[in-house]
Amino acid sequence: MAKIIVVTSGKGGVGKTTTSASFATGLALRGHKTVVIDFDVGLRNLDLIMGCERRVVYDFVNVINNEATLNQALIKDKRVESLYVLPASQTRDKDALHKEGVERVLEELKQSFDYIICDSPAGIERGAMMAMYFADEALVVTNPEVSSVRDSDRILGILASKSRRAEQAEEPVREHLVLTRYSPERVEKGDMLSVDDVMEILAIPLLGVIPESSAVLQSSNSGVPVVLDEQADAGIAYADLVARFLGEERSHRFLSVERKGFFKRLFGN
Amino acid sequence: MTQTPTAEAPFELKGSLFTLTVLHLRETDLGAIEQALLVKIAQAPAFFANTPVVVDLDALADTAARPDFAGLARILRAHGLVPVGVRHGSAAQLAAAAAAGLPMLPESRPAPRREATTDAGGDAKPADPGPHNRVVVQPVRSGQQVYAADGDLTLLGPVSAGAEVLADGSIHVYGPLRGRALAGVRGKLEARIFCLGLEAELVSVAGRYRILEKNGEGWGKAVQIYLSGEHLIIEPLTVEAGAHRKS
């Protein structure tokens, strides 16, 4: 049975698209047929992060409006087998998304995919509502700072009351916390909320902690999801996150400050 | 009780006529209503000082509109109007108003009669007899609002910053209270707020409110909050006093 997973946060710039790209890629790397949909109509970014921006011909809105078929709009990833991208339209706005159209496209995708990842836009307006409405599970992406945590809290409230599962009184949307841009050094100094602080406020299970990492910016700019960088701390953290999502036990890494050894301190790293 | 039948009764009931302001409701969008109210207040601020109003539903009576009466009453009260009742609504609307504590006022022209409110059970939710307790198991998140009309509100999860919980009776929070809690919103002076961790933004009992400072009185502790005269008292919910004496 195909699963629809929304990647959402409320606040912008916390790492939804980065997480969507690496999460979808990670699932596909493990052999699951996965599609990642950009719901940010008008502010299309996922294609850049996935490195397929020059291959967009038709988009999500075209499919909703029956101007193109799904097969025409789906972009097959060149690096990972069984990974597809459904890009957003850059020339339209969020009003182009409507429940019936989105539902039809998701139903069609369910026929052939294992996982459908919905990359939500920021905010709680139409685009975000459409991205979360049909979700079975949700990755709530949060930065360790108060405004991001409050916005995530708000999104959790909306998931619990306005999603299809809530409206039809089905089993609630399964929620997962993804804490991104985490910097143990700054937590230690007291500049940043700790994992425990965030967990205490949001009270949902922790799926992964992604450390603040220069690799994320580099990989975004080069159009390679950071999970494919097996050397980078953020890449390893995303691979762990995917494994945990699939039911494996993995302890959380990068939560404490790495003490530099004598030689590392002498010669750098 | 000890008085003899011959003693004068402590009160007597008499009918009387009043001139009341009538608010003719044309739509149910609370945001729009509040906006319009603010405009009116700007025009005549002196008018909005505990002015009793009757909400007339004539314009909505033939529609399926179900105004959020509790929300409406709260907005009116917040702006100096005191809703005392409703009139001219459909049976279902009157039942909903009654559930929110707004009685139907006798009509000034032939329209649905009192029995309309009592037999509304068929097409509306049946009115619960007497006070009742609303229990919420899920966390109350930022931006959410939970109201227990006619009774107490019990919350088993945390109340987040930016959330609002309200009750006509008392509020019991078996977790941290980080948002706003308003007990006795229809004036019940004996209403109390209980919580296991006080980190609230604002607490209120029967309209008397306090904005709480971080690390202020009772912060992070299990407390109860109640009204003593005009003052809101925040008091730890512990047996420490007794325990200290023994040690």
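The values are calculated or read from the model by the stated rules, or taken from the named source; none is laboratory data. What you see is a predicted model, and the numbers here were worked out from it, not measured in a lab. Cβ sites come from the backbone with ideal geometry, for glycine too, and all protein chains shown count toward neighbours. Quick note on the areas: whole protein, heavy atoms, side chains included, nothing else; ligands and nucleic acids left out. Shrake-Rupley method; radii C 1.70, N 1.55, O 1.52, S 1.80 Å.
Which values, in whole Å and largest first, are the semi-axes of the equivalent ellipsoid of chain A obtained as the square root of 5 times each eigenvalue of the Cα gyration tensor? Kindly include the intermediate steps, with their values, before the conclusion.
On the way: eigenvalues 189, 93, 52 Å².
For chain A, the ellipsoid semi-axes come out as 31, 22, 16 Å.
Considering only C-alpha atoms, what is the centroid distance from segment A:200-260 to segment B:54-74, in Å?
Answer, in whole Å: 52.
Going by amide H atoms built from the backbone, whose H comes under 5 Å of the H on B:Gln138, apart from near neighbours?
none
Measure up A:Lys3/A:Lys33; A:Lys16/A:Lys94; A:Lys33/A:Lys110; A:Lys16/A:Lys110; A:Lys33/A:Lys78; A:Lys99/A:Lys162 against 20 Å on the Cα-Cα distance and list the ones that go over.
Table pairs above 20 Å Cα-Cα are A:Lys16/A:Lys110.
Within chain A, what's the longest run with no GluC sites (Glu not before Pro) in a DSSP loop and at most 13 other beta-carbon atoms within 10 Å? Give the range, please. Let's see the in-between values first.
Details: sites that count: A:Glu67, A:Glu81, A:Glu125, A:Glu170, A:Glu230, A:Glu248, A:Glu249, A:Glu258.
Within chain A, the longest run free of exposed GluC sites (Glu not before Pro) spans A:1-66.
Over the residues of the protein assembly as shown, compute the C-alpha Rg and express it relative to 2.2 N^0.38 Å. Before the final figure, lay out the partial values.
Working: Rg = 28.4 Å, N = 516, 2.2 N^0.38 = 23.6 Å.
For the protein assembly as shown, the normalised Cα radius of gyration comes out at 1.20.
Starting from the amide H of A:Thr180, placed 1.01 Å from N in the peptide plane, find each other amide H under 5 Å away whose residue is 5 or more places distant or on another chain.
It is A:Thr142, A:Asn143, A:Ile210, by chain and number.
Would you be so kind as to identify which of A:Leu202, A:Ala88, A:Ala160 lies farthest towards the positive end of the dipole of chain A, taking Lys and Arg as +1 and Asp and Glu as -1 on Cβ and the Cα centre as origin?
Sorting the options by dipole projection puts first A:Ala88.
I'd like the projected area of segment A:11-150, averaged over all directions, using the convex hull of its alpha carbons. Report it in nm² with one decimal.
Details: hull surface 32.0 nm².
Reported value for the Cα convex hull: 8.0 nm².
Suppose the Debye formula is applied to equal point scatterers at every Cα of segment A:144-269; what is log10 I(q)/I(0) at q = 0.20 Å⁻¹?
Taking Cα atoms of segment A:144-269 as identical point scatterers yields -1.26.
Under 8 Å for C-alpha pairs, at least 6 residues apart: give me the relative contact order for chain A, rounded to a whole percent.
Numbers: 543 pairs, mean separation 63.2, N = 269.
For chain A, the relative contact order is 23 percent.
If you take every residue apart from A:Ile210 with its C-beta less than 14 Å away from the C-beta of A:Ile210, what net charge results, scoring Lys and Arg +1 and Asp and Glu -1?
Result for the neighbourhood of A:Ile210: +1.
Report the normalised scattering of segment A:98-156 as log10 I(q)/I(0) at q = 0.15, 0.25, 0.29 Å⁻¹, calculated by the Debye formula with identical scatterers on the alpha carbons.
-0.51, -1.08, -1.30
Take every DSSP beta bridge with both residues inside segment A:15-158 and express the antiparallel ones as a percent of the total, to the nearest 5.
Taking every DSSP beta bridge within segment A:15-158, about 20 percent pair in antiparallel fashion.
Keeping every protein chain present and rolling a 1.4 Å probe, give me the accessible area per residue for segment B:18-74 in Å². Working shown, then result.
Working: 3400 Å² over 57 residues.
So segment B:18-74 comes to 60 Å² accessible per residue, rounded to a whole number.
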